[in-house]
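K.L.:
Sharing a structure here in structure tokens format.
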């Protein structure tokens, strides 16, 4: 994946105190064209990672989809949504 700079609004959310539960995975932002959306998440470890549809996360979750409202994660037949934080 080509390196791009982090959008300013995503960087602010990634470093702002008290915006989300840091013990869980949170969605920081969605970027890219509508046909090729990617997302940036913050893992409970504090690591920030770029993800796209089909990627796998630790713990066995698979990125089922990325849209402008959030990310769908799938594990063991169950799907959950990570919404964008405001």
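K.L.:
For the peptides 66-75, 29-38, what is the packing order when you average, over each peptide's residues, the other Cβ atoms within 10 Å and list the highest mean first?
P.N.:
66-75, 29-38
K.L.:
Between residue 62 and residue 79, what is the spin-label point distance in nm, taking each point 7 Å from the Cα along the Cα→C-beta axis?
P.N.:
It is 1.3 nm.
K.L.:
How far apart, in nanometres, would the label points at residue 69 and residue 48 be if each is projected 7 angstrom from Cα along the Cα-to-Cβ direction?
P.N.:
2.6 nm
K.L.:
Hey, another quick one. Taking 25 Å as R0, compute the FRET efficiency from the Cβ-Cβ separation of residue 36 and residue 8 and round it to 0.05.
P.N.:
0.75
No value in this document is a laboratory result; all are computed from the given coordinates. All of these numbers come straight from a predicted model, not from anything done at the bench. In this analysis, Cβ positions are derived from the backbone assuming ideal geometry, glycine residues included, and neighbour counts consider all displayed protein chains.
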